[in-house]
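The values are calculated or read from the model by the stated rules, or taken from the named source; none is laboratory data. Keep in mind it's a predicted model, so treat the numbers as computed, not measured. Positions of Cβ are generated from backbone atoms using ideal geometry, with glycine treated the same way; all protein chains shown enter the neighbour counts.
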Ligand code: COA
């Protein structure tokens, strides 16, 4: 039987930290499905298709990784594809409380899918998608923070949209 896991997140955008978790999961499981989701508690910068596209390009060379868009409950998706595990990355103790709560809720909803935590390596402990967005929109260097293959496109889009926002605010001031 194939060992399948799902790795959910909003990936707004994918970072080197996410790619590290994907690679580690791909070494453990036969198949990894990276699931791009809408987090209702967040305003997303990139739309869901852009986010999925950045990940597809980043994992193109890893044979056992697929990318899909999550519409609905994570545990229902996991059940549908026969995933035995939900993979989540842990960067710091501060991640743990929230992640543990999510894991317990998911367990309550579906007892058959276990959550597995993979710790981030030291160089990615500080990284998050919003850090990348903050640095990138200011035109600063995001090389090394996002996968090389999508670096230029992410940087270009961050700068372009930030300029549009600034024009909008400047227009509203007068
Ligand atoms: N490296 C770098 N950054 C990481 C990371 C890692 N290893 N692990 C997490 N992060 C960052 C993410 O980029 C994100 O950064 P941001 O807040 O700046 O955007 C932050 O840590 C939080 O990540 P995560 O906990 O994965 O939250 P998320 O918003 O990306 O995703 C879902 C949340 C989509 C997983 C969750 O809402 C979900 O499961 N939704 C599906 C619907 C559902 O079933 N809900 C019921 C579950 S209780």
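Computed quantities for the displayed model
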quantity	calculated
Output for the range 113-153, where each listed residue is assigned to a helix (DSSP H, G or I) and within 30 Å of residue 73 (Cβ to Cβ)	124, 129, 130, 131, 132, 133, 150
Positions within the range 24-38 being surrounded by 15 or more Cβ atoms within 10 Å (Cβ to Cβ) and either under 20 Å from residue 149 (Cα atoms) or more than 9 Å from the ligand (Cβ to nearest atom) (or both), in sequence order	24, 25, 26, 29, 31, 32, 33, 34, 35, 36
Scope the range 89-137; condition surrounded by fewer than 17 Cβ atoms within 10 Å (Cβ to Cβ), under 26 Å from residue 162 (Cβ atoms) and more than 10 Å from the ligand (Cβ to nearest atom); matching residues	135
Candidates 33, 14, 86, 55, filtered to the one that is assigned to a loop (DSSP other than H, G, I, E, B), on the phi < 0 side of the Ramachandran plot, in contact with a helix residue (DSSP H, G or I) (Cβ under 9 Å, 6 or more places away or on another chain) and at pLDDT 95 or above	14
Residue 21, sole failed condition from (1) surrounded by fewer than 12 Cβ atoms within 10 Å (Cβ to Cβ); (2) closer than 24 Å to residue 126 by Cα; (3) within 13 Å of the ligand (Cβ to nearest atom)	(1)
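Conditions (1) free of Cβ contacts under 8 Å to residues at least 60 places away in the same chain; (2) closer than 19 Å to residue 129 by Cα; (3) surrounded by fewer than 19 Cβ atoms within 10 Å (Cβ to Cβ), marked per residue:
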{"position": "3", "(1), (2), (3)": "no, no, yes"}
{"position": "6", "(1), (2), (3)": "no, no, no"}
{"position": "40", "(1), (2), (3)": "yes, yes, yes"}
{"position": "61", "(1), (2), (3)": "yes, no, yes"}
{"position": "64", "(1), (2), (3)": "yes, no, yes"}
{"position": "84", "(1), (2), (3)": "no, no, yes"}
